[in-house]
Structures are given as C-alpha cells and as structure tokens.
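Comments concern the structure below.
The values are calculated or read from the model by the stated rules, or taken from the named source; none is laboratory data. What you are looking at is a predicted structure, and each value in this text was computed from that prediction instead of being measured. Virtual Cβ from ideal backbone geometry, glycine too; neighbours counted across all protein chains shown. Ligands, DNA and RNA are stripped out before the accessible areas are found, and what is left, the full protein with its side chains, is counted by its heavy atoms. Shrake-Rupley method; radii C 1.70, N 1.55, O 1.52, S 1.80 Å.
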Amino acid sequence: MKIYINGKFYSKEDAKISVYDHGLLYGDGVFEGITFYNGKIFRLAQHIRRLYESAQTIMLKIPLSFGKMIEDVKKTVELSGLKNGYIRLIVTRGEGNLGLNPFTCQQPQVIIIADKIALYPKELYATGLNVITVPTLRTPSEAMSPRVKSLNYLNNIMAKMEAINAGADEALMLNANGFVAECAGDNIFTVKDNAVYTPGPSAGILKGVTRDAVIELAEKNGLMVYEIDMSRHDIYNADECFLTGSAAEIVPVIKLDGRTIGSGKPGPVTKTLLEQFKKLIETEPEVVCK
Ligand code: PMP
C-alpha cells in the first residue's frame with residue numbers, strides 16, 4: 001500500500017504530516033470516503049465535487065484541478081494492490097502557527113489512502129440494526145452546514161458514543177427543530193405503502209452520494225420518493241427503514257427507540273434496493289471526466 005501526500009507516494013510508516021497542521025490542531029479541513037469495487041471507483045466525480053464544494057465553503061483552495069485529483073485518486077487505488085476497498089481523501093488547511101487564523105497556513109496537504117473498511121458486522125445486514133435517538137443534535141446549518149464534510153466530526157462522534165454506551169448499533173440524530181436529520185455517519189430512509197421517504201437537505205444532513213444513488217434506483221423502480229420533514233413517529237410507523245452510506249452501502253434498520261419497525265425484519269423494498277445497488281456498483285461506467 002502506498003499513501004499519497006501532495007503528489008508523492010509513501011509507505012504507511014513514512015506517510016507523515018506536521019503536528020502544526022491545522023487539520024490536526026482544529027479539525028480544519030475536508031474529506032471524502034469513497035468505495036471501489038473490482039478496481040472501479042463508485043461515483044468518484046460526485047465525491048470529488050462534494051469535496052471541492054466543502055472546500056469552497058470553508059475557503060480552502062485545493063491546490064489541484066478536479067481532473068488531476070481524479071487521476072491521482074485512481075493512481076492511489078492502482079498502487080494499493082486492492083480490488084475492493086475504501087478511499088479516504090483528505091485536504092487539510094496545512095501547517096500554520098498555533099493560532100486559529102487559517103490564513104497563516106501556506107500549503108494545504110492533500111492525502112489519499114486506499115485501504116479496507118468494515119463499518120457494521122456482516123450479520124447486521126441480515127438481521128437489521130437496532131437504532132436509538134441520541135441527545136446530541138446534528139449541528140445546525142446556522143452554525144456550520146452539515147453539507148460540509150469537514151475534518152471536525154465530533155458532533156457525529158458524540159452521537160455514536162451515546163448509541164454505543166446505550167448498547168445500540170447506531171445513533172439517530174435530530175435537528176434543532178426536533179425533526180430527523182440523519183444517523184451518525186449515514187443517511188436515513190423509510191418505506192411506507194410502497195413509497196420512499198427521506199429527510200431533505202434542509203433538515204441539516206450531509207447529502208450522501210449513496211443517498212442520491214438510492215433515490216435514482218427507487219424512482220427507476222417506479223417508487224415515489226419524497227423528501228420530507230421526518231419525525232420519529234414516521235419511523236416508528238414505517239413498513240421499512242434503512243440507512244445509506246459509502247462504507248455501509250444499504251443497511252436495514254429494524255428497531256428505533258425500542259419500537260419494532262414493520263415486520264422486525266429487513267423488508268422487501270430494502271432488499272431489492274440493496275440488490276440493485278450492488279448491480280449498479282458493478283455495471284455503472286467509471287468516470288473519465290477531466
Ligand atoms: N451522513 C454523514 C454524517 C456521513 O458522514 C456520511 C458518510 N459516511 C453520510 C451521511 C453518507 O454519505 P455518502 O453516501 O456520500 O457516503
């Protein structure tokens with residue numbers, strides 16, 4: 001495995017950046033988590049686009065063109081020797097002094113790692129997740145847009161800790177209005193009477209690449225998809241519920257806050273979408289854009 005830092009490749013042991021990097025000091029930077037299957041990267045352009053949009057919002061100038069970034073991610077995957085895996089693409093603010101001021105940082109650090117990730121144990125895909133609503137709210141857009149995939153993930157980490165401490169598999173996060181936002185690292189969907197529901201971007205979510213793909217698939221299946229102000233009541237009374245994310249793919253949820261959802265087993269729409277998602281991953285042509 002070779003790790004990319006600013007155009008050069010290093011062994012894992014030698015891949016190092018400064019302890020004065022504001023990515024470390026303040027979580028000042030942006031990142032992406034991207035999957036590849038059979039050497040083919042899933043929706044790379046969409047991930048890179050989101051990365052550049054996150055960077056634009058935090059006034060971080062990525063020192064690479066979009067096309068060069070795509071090329072370099074592909075090269076890193078090639079050099080990993082892996083057929084299937086997960087890419088962590090990071091752009092930090094770079095080395096600066098110990099004050100907050102990001103404008104003291106000269107050179108953003110672009111880091112690309114291609115490795116393996118396992119998010120949930122395999123058996124949970126067959127049995128479904130037990131999710132609880134956690135006290136920590138999703139960061140309000142007025143404070144920091146959750147559309148920015150920033151290196152500061154403490155909001156989500158707090159939520160994840162609360163779920164684990166309570167013995168649950170995953171955390172459901174509400175927004176400041178009491179509506180459902182998303183889970184600690186995944187978007188959420190419900191199915192009721194053969195229609196699909198998910199919170200919209202204005203609920204304060206990261207707009208997931210997997211989420212977009214699942215909406216497309218559901219619509220192709222003739223299912224109506226609605227972006228709604230989702231309450232917990234909607235989830236308690238849904239026929240099915242599932243989460244989406246690059247690492248998680250599509251994972252069924254069978255319980256929220258002690259309420260069994262639908263039959264208490266992964267539902268037929270969830271299963272169909274997961275099958276079709278796996279097919280999409282295999283068949284969708286890889287991006288060639290520059
Ligand atoms: N929400 C959050 C908070 C996330 O961190 C992620 C990515 N792990 C997602 C949703 C899902 O996004 P994607 O499908 O692009 O991986």
Query - Top-ranked residue of segment 196-208 - restricted to ones that are open to solvent by 10 Å² or more (accessible area, probe 1.4 Å) and in contact with a helix residue (DSSP H, G or I) (Cβ under 9 Å, 6 or more places away or on another chain), ranked as nearest to the ligand (Cβ to nearest atom) - result: Leu206
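Per-residue answers, yes or no, for (1) closer than 24 Å to Gly167 by Cβ; (2) in the same structural domain as Thr190 (by TED's automatic domain parsing); (3) not aromatic (Phe, Trp, Tyr):
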| site | (1), (2), (3) |
| --- | --- |
| Thr210 | no, yes, yes |
| Val225 | no, yes, yes |
| Asp229 | no, yes, yes |
| Tyr236 | yes, yes, no |
| Val253 | yes, yes, yes |
| Gly258 | yes, yes, yes |
| Ser263 | yes, yes, yes |
| Thr270 | yes, yes, yes |
Report summary line: Per the list (1) away from the ligand (no atom under 13 Å from the Cβ); (2) surrounded by fewer than 19 Cβ atoms within 10 Å (Cβ to Cβ); (3) closer than 15 Å to Leu25 by Cα, residue check on Pro108 breaks on (2)
Report task. Determine the pairs where a residue that is in contact (Cβ under 8 Å) with a residue 12 or more places away in the chain, located within segment 200-224, has a partner that is of a type in the set (Gly, Ala, Ser) and away from the ligand (no atom under 15 Å from the Cβ) with Cβ atoms under 6 Å apart, the partner being 6 or more residues away or on another chain. Result -> Met224/Ala195
Query raised in the report: If the Cβ limit is 7 Å and pairs must be 6+ apart or interchain, which residue in segment 159-172 that is surrounded by fewer than 21 Cβ atoms within 10 Å (Cβ to Cβ) pairs with which residue that is assigned to a loop (DSSP other than H, G, I, E, B) and of a type in the set (Val, Ile, Thr)?
Result: Glu162/Val134; Glu162/Thr136
Requested in this report: Report yes if Gly85 is touching a strand residue (DSSP E or B) at 6+ places or on another chain (Cβ under 6 Å), closer than 21 Å to Ala248 by Cβ and not hydrophobic (A, V, I, L, M, F, W, C), otherwise no.
Outcome: yes
Requested in this report: Could you pull out the residue among Thr139, Thr127 that is at pLDDT 95 or above and either surrounded by fewer than 20 Cβ atoms within 10 Å (Cβ to Cβ) or under 30 Å from Tyr4 (Cα atoms) (or both)?
Outcome: Thr127
Requested in this report: Could you pull out every one of the strands (runs of 3 or more DSSP E) wholly within segment 1-118 that has 1 or more residues that are among the polar types (S, T, N, Q)?
Outcome: 29-37, 85-92, 109-115
Requested in this report: May I ask you to say which residue of Asp193, Asp186 is within 16 Å of the ligand (Cβ to nearest atom), touching an Asp or Glu at 6+ places or on another chain (Cβ under 8 Å) and acidic (Asp, Glu)?
Outcome: Asp186
Report summary line: Taking first residues from segment 43-56 that are open to solvent by less than 10 Å² (accessible area, probe 1.4 Å) and second residues anywhere that are within 11 Å of the ligand (Cβ to nearest atom) and part of a helix (DSSP H, G or I), the pairs with Cβ under 6 Å that are 6 or more apart or on different chains are His47/Val209
Query raised in the report: Mind checking whether some residue in segment 218-241 is closer than 15 Å to Tyr125 by Cβ and open to solvent by 10 Å² or more (accessible area, probe 1.4 Å)?
Result: yes
Query raised in the report: If a residue has to be within 16 Å of the ligand (Cβ to nearest atom) and over 16 Å from Gly267 (Cβ atoms) to count, how many in segment 226-243 make the cut?
Result: 2
Requested in this report: Of the numbered conditions (1) more than 28 Å from Asp257 (Cα to Cα); (2) outside any loop (DSSP other than H, G, I, E, B), Asn130 fails exactly one; give the number of that condition.
Outcome: (1)
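In segment 100-153, how many residues are hydrophobic (A, V, I, L, M, F, W, C) and more than 30 Å from Gly267 (Cβ to Cβ)? Break it down into steps so the answer makes sense when it comes.
Residues of segment 100-153 that are hydrophobic (A, V, I, L, M, F, W, C), as a first pass: 100, 103, 105, 110-114, 117-119, 124, 126, 129, 131-132, 134, 137, 143-144, 148, 151.
Applying the additional criterion that residues be more than 30 Å from Gly267 (Cβ to Cβ) yields 100, 103, 105, 110-114, 143-144, 148, 151.
Going through segment 100-153 one residue at a time, the tally reaches 12.
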